[in-house]
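One structure coming up, written as structure tokens, with questions to follow.
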Amino acid sequence: MVTEPELSFADLLRRLRTAARLTQEELAEAAGISLRSVSDLERGINRTARKDTALLLADALNLAGDERAAFVAAARGRAPAAEVLAARSGAAAANGSAAAAQTLPRDIGSFTGRDADLALLLETLADVTAGGGAVAIHVIDGMPGIGKTTLAVHAAHQFAGSFPDGQFYLPLHAHTPGQQPVDPADALASLLLTVGVAAQHIPSGQEARAAKWRDQVAGKRVLLLLDDATGHEQVRPLLPGTAGSLVLITSRRRLTALEDARVLSLDTLAPADAAALLARLADRPGLVPGADATSEIARLCGYLPLAIGMLAGQLRHHPARSAAELSAALAAARDRLAVMRAENLSVAAAFDLSYQDLTADQQRLFRRLGLVKGPDIDAYAAAALEGTSLDTARARLDELYDHHLITEPAPGRYLLHDLLREYARALGADDADSAETTGRLMTYYAHAAAAAGKHIATWTTAGGRPPPGSPPAHLPPLASAQKAAGWLDAERSNLHAAVGFAAGAMPQHAIAVATAIGGFLRARGHWDRAAAQYQTALRAARRTADRPAEAGTLDELGLLQQLTSDYPAATATLTQAAALYEDLGDRTGQAYALNHLGLVHLDTGDYRAAIDCHQQALALARDAGDPLAEAVSLTDLALVQQLTGDFEPAAAGYHRALELFQRAGSEYDQADVLCELGMLQRQMGDYPAAAASERQALDLFRRLGDRLGQAWALDELGVVQRLTGEYAAAAASLKQALRLHRDLGRPNGEAVVLNSLGELSSATAASDEARSLHTQALAIAQEIGAHPEEARALAGIGTSLLPRSPAEAATHLRRALAIYQRIGSPAAQLVQDTLDEHGL
């Protein structure tokens with residue numbers, strides 16, 4: 001027969017303190033004795049206590065009657081410790097409360113929001129009520145301060161009526177300052193005592209205790225709330241064994257090994273709920289959820305309930321301090337976390353406890369994530385940050401994710417909450433290798449951006465320079481235009497942040513990233529951001545006397561100015577770029593800059609100057625032996641030849657350019673040539689070929705995500721559809737094109753499509769509508785100096801006026817004729833024919 005070991009006073013004190021939900025620090029404070037005294041008694045260093053200490057401890061533990069007397073006697077070594085637990089279980093049995101214990105903490109009266117989360121928990125309750133073959137287990141996990149315990153306690157009170165056999169709350173202290181996590185065996189002892197099992201009848205081993213616990217609640221309907229669990233090993237022995245019960249578990253970790261558990265991962269509060277919580281907790285007149293200061297404080301708290309509660313407490317206890325003042329102070333604070341405190345509690349302290357859970361490798365990666373300048377990170381960037389393998393980086397990111405220190409808003413992309421980012425940044429500020437770590441990350445972004453940029457339109461040479469630093473060990477798969485565009489789209493914010501940071505400390509990296517992603521930003525229509533980055537790169541190039549980089553950046557900037565119809569600025573910038581390339585002896589670069597200058601002349605109707613620029617560019621490209629630059633020059637020259645009626649050389653140029661682009665595998669440039677070739681085919685009257693070319697171009701542009709290309713292809717397709725009598729299809733295509741140009745902020749494109757729509761209205765005899773559309777196009781064209789579209793708009797207005805006011809029509813038609821004749825457009829003959837036909 002195995003004899004149960006005698007219960008020591010150390011064991012007794014630990015059990016009573018655990019049952020009272022107190023840490024050693026809290027018990028010492030409540031009793032008015034030192035923490036050392038409590039610790040020495042629980043560890044058995046002091047086997048007995050003085051009478052005054054015993055009485056103070058009995059008061060702090062809320063002991064009364066026989067139980068109090070037995071405790072004091074046991075503390076002084078004058079009675080067995082087991083008598084205290086026997087007295088406690090006897091009192092519980094006398095009160096008839098053992099089988100229906102209700103130990104839930106009080107509900108929070110200020111509970112706000114979480115409606116969707118509560119609804120999910122209610123679904124679990126419905127399943128329990130309906131009956132089933134297993135215990136219902138629901139894990140509520142999330143980052144520190146997210147409100148896991150608050151939600152669990154609130155839900156438990158809502159559900160309490162469905163569990164008449166008891167509602168049990170057991171803190172497991174995974175993150176309680178000054179206290180070790182509760183051992184499962186000790187947790188089981190506490191639960192058994194709560195349901196009325198006498199101390200002497202509690203087995204000594206964990207397995208035996210777990211079996212007795214399951215026996216005690218078998219067939220009963222109980223709710224068990226296990227708060228702040230360390231992991232599945234800690235909670236698994238505590239689970240009831242029969243259906244009809246509900247277990248709510250809160251944890252900062254993802255308990256992925258806990259089978260059959262439903263998981264509710266809490267996010268921060270919705271902005272409106274966060275503002276409502278702040279106003280409710282602050283409880284002061286005038287502070288309402290909709291106020292600007294309320295919303296701003298909630299935002300600066302990262303919508304984190306813990307932080308909101310602490311700031312609300314400051315407002316509640318400092319009536320002289322306005323919410324606007326607190327908001328301004330918080331926004332200006334160099335360390336927001338330092339402001340977020342209440343008595344001896346702070347947001348940073350809550351984060352500290354989770355940080356201490358990590359291994360040394362995990363802690364290092366977490367600190368380094370604070371160095372990341374952009375909003376998120378993937379495994380490739382993390383591998384560069386750590387200087388480790390891709391598999392190791394993935395594993396460590398997943399480990400931080402399991403601890404709820406990062407989130408995964410999209411597959412493979414990880415994000416730090418704003419306050420955790422500040423916390424990580426503060427932790428890593430003193431790391432000796434922080435500059436080296438950041439350098440590895442910037443080098444990774446420069447090389448990855450250069451690899452991706454090679455697949456985007458080859459319209460400049462700026463992104464073709466080798467990026468600085470040694471290539472990283474791991475780069476994402478960027479073997480196609482689609483993959484490159486997808487990566488650039490996902491990393492865009494990170495790349496912008498990299499340019500901003502590197503401009504001061506690592507200027508060559510800033511130049512490399514800014515110019516490598518220029519084509520992508522143009523294609524996607526992020527023109528304001530692109531312009532800002534080019535200016536940053538230009539300043540860095542000039543500061544470091546990097547003349548090739550200065551020339552390339554000027555070329556990028558000038559092309560962007562042409563796209564946004566800022567023709568005077570574009571002319572000046574591209575003239576500088578061409579001259580600088582010439583000084584450097586870079587014939588390819590000079591060819592690109594001249595081609596871009598030719599596009600400015602094309603938009604403004606100076607066809608002679610445009611032809612001169614493109615012919616010079618073609619000669620330079622061929623002299624340099626650069627087939628891509630040659631193809632770009634052929635395409636641009638062919639466009640001017642087409643617009644001036646020289647169709648045969650234009651067709652030859654397009655077909656030769658298409659062949660060169662296909663050899664190079666440049667899908668963006670192929671789409672561009674197809675779009676312009678379709679326009680030529682339409683002008684030559686081959687409408688089926690024109691429609692096929694435009695549809696092929698449109699498919700490519702859409703697959704590549706090139707919004708500007710889509711707009712041009714849709715406009716030209718709409719014109720072909722008008723000419724073939726497909727008026728409804730034409731209207732749909734042109735309206736899509738107009739939306740795209742307006743979204744992109746491209747005035748020249750908007751004028752072009754408005755004129756196309758006006759011509760469609762004329763074709764359908766809607767003269768008033770046609771005149772209105774052409775008038776809008778005229779205003780835009782005159783403002784930006786786009787003379788070809790100005791003449792087109794005037795001709796359209798004149799045509800719409802012919803039926804009712806021939807004299808007024810003649811005025812507009814003659815103005816259009818003068819412009820067309822001045823710029824050398826074959827459209828002049830069409831206008832003259834119209835005037836002659838009507839005897840004007």
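The values are calculated or read from the model by the stated rules, or taken from the named source; none is laboratory data. Just so it is clear, the model here is predicted, and its values are computed rather than measured. Every residue, glycine among them, receives a Cβ derived from its backbone with ideal geometry; neighbour counts consider all protein chains shown. Note: areas computed on protein heavy atoms with side chains; ligands, DNA, RNA excluded. Shrake-Rupley method; radii C 1.70, N 1.55, O 1.52, S 1.80 Å.
Using 0.36 nm per residue, how much length does the chain from A569 to V288 gain when fully extended, once their Cα-Cα distance is taken away?
That works out to 96.2 nm of additional length.
May I pose another question? For segment 726-829, what class follows from the C-alpha gyration tensor (a ≥ b ≥ c being the square roots of its eigenvalues): rounded when a/c is under 1.5, otherwise prolate if a/b is larger than b/c, else oblate?
Oblate shape, in that a/c is at least 1.5 and b/c is the bigger or equal ratio.
Subtract the Cα-Cα distance of A338 and D583 from 0.36 nm times their separation in residues, and report this length gain in nm to one decimal.
Difference between extended and current length: 82.6 nm.
Next question, about the same structure. Over the C-alpha atoms of the chain, what are the Rg and the largest Cα-to-Cα span, Dmax, in Å?
In Å, with Rg to one decimal and Dmax whole: 37.4, 129.
If Lys and Arg each add +1 and Asp and Glu each add -1, what is the summed charge of the other residues whose beta carbon sits under 14 Å from the beta carbon of A551?
Surrounding charge for A551 is -3.
State the Cα centre-to-centre distance between segment 691-728 and segment 148-190 in whole Å.
64
Taking the square root of 5 times each eigenvalue of the Cα gyration tensor, what semi-axes in Å does the equivalent ellipsoid of segment 551-646 have, largest first?
19, 17, 9
Rounded to the nearest 20 debye, what is the charge dipole size of the chain about its Cα centre when +1 sits on each Lys and Arg Cβ and -1 on each Asp and Glu Cβ?
Roughly 2120 debye, rounded to the nearest 20.
Run the dipole for segment 509-653 about the Cα centre, Lys and Arg Cβ at +1, Asp and Glu Cβ at -1, nothing else charged, and hand back the magnitude in debye, nearest 20.
So the magnitude is around 540 debye.
Can you work out the FRET efficiency for the pair A395 and Q683, with r the C-beta to C-beta distance and R0 = 56 Å, to the nearest 0.05?
According to the calculation, E is roughly 0.40.
For labels at D183 and H201 in the simple 7 Å Cα→Cβ model, what's the distance in nm?
In this crude spin-label approximation the distance works out to 2.4 nm.
May I ask which residue of A432, N595, P285 lies farthest towards the positive end of the charge dipole of the chain, with charges of +1 (Lys, Arg) and -1 (Asp, Glu) on Cβ and the Cα centre as origin?
Final value for the positive-end residue is P285.
For the chain, compute the number of Lys pairs whose alpha carbons are separated by less than 25 Å, excluding pairs fewer than 8 positions apart on the same chain.
4
Which FRET efficiency value, to the nearest 0.05, is calculated for S265 and S805 with the Förster distance at 56 angstrom and r the Cβ-Cβ distance?
Between S265 and S805 the formula returns 0.20.
Continuing with this model, one more query. Ignoring any ligand, DNA or RNA, what whole percent of the accessible area of segment 733-840 comes from carbon and sulfur when the probe is 1.4 angstrom?
The value for segment 733-840 is 50 percent carbon and sulfur by accessible area.
Summing +1 for each Lys or Arg and -1 for each Asp or Glu, what net charge is found among the other residues whose Cβ lies under 15 Å from the Cβ of A691?
So the surrounding residues net to -4.
Continuing with the same structure: Please list, in chain and number order, the residues 5+ apart from I140 or on another chain whose amide H is under 5 Å from its amide H, with Hs placed from the backbone.
Result for I140 returns I249, T250, S251, L264.
Where nothing but the Cβ of Lys and Arg (+1) and of Asp and Glu (-1) is charged, how large is the charge dipole of segment 223-372 around its Cα centre, in debye to the nearest 20?
With only Lys, Arg, Asp and Glu charged at Cβ, the dipole is about 320 debye.
Further question: Near the amide H of A342, under 5 Å away, which other amide H atoms are found, from residues 5 or more places off or on another chain, if H is placed in the peptide plane?
Excluding prolines and chain starts, which carry no amide H, there are no hits.
What does the charge count around D391 come to, taking other residues whose C-beta lies under 15 Å from its C-beta (Lys +1, Arg +1, Asp -1, Glu -1)?
-3
Another question about this same structure. For segment 196-243 and segment 636-665, what is the separation of their Cα centres, given in Å?
Between the Cα centre of segment 196-243 and that of segment 636-665, the gap is 80 Å.
If I stretch the segment between A732 and T48 completely, what's the gain in nm (0.36 nm per residue apart, minus their alpha carbon distance), one decimal?
Going from the current span to full extension adds 237.2 nm.
Please list the non-local residues whose amide H lies under 5 Å from the amide H of D376, H modeled 1.01 Å from N, same-chain partners needing a gap of 5 or more.
Correct list: empty.
Now for a separate question. List the longest stretch of the chain that has no exposed loop site; here a site is one of the trypsin sites (Lys or Arg not before Pro) assigned by DSSP to anything other than H, G, I, E or B, with at most 13 other Cβ within 10 Å.
Longest run free of exposed loop sites: 335-803.
Based on the alpha-carbon gyration tensor of segment 327-399 and its eigenvalue square roots a ≥ b ≥ c, which shape applies: rounded if a/c is under 1.5, prolate if not and a/b is larger than b/c, or oblate?
Taking the square roots of the gyration eigenvalues as a ≥ b ≥ c, segment 327-399 is oblate.
In whole angstrom, how far apart do the alpha carbon centroids of segment 392-460 and segment 547-580 sit?
So the two Cα centres are separated by 33 Å.
Still on this structure: If R0 is 22 Å, what FRET efficiency do you get for E123 and R280 from their C-beta distance, rounded to 0.05?
0.25
Take the chain, mark every one of the GluC sites (Glu not before Pro) that falls in a DSSP loop and has at most 16 other Cβ within 10 Å, then report the longest stretch left between them, sites excluded.
Answer - 344-725.
Still on this structure, please answer the following. For T242 paired with A349, estimate the spin-label separation in nm (one decimal), with each label point 7 Å from Cα along the Cα-to-Cβ line.
My value for the distance between the label points is 4.4 nm.
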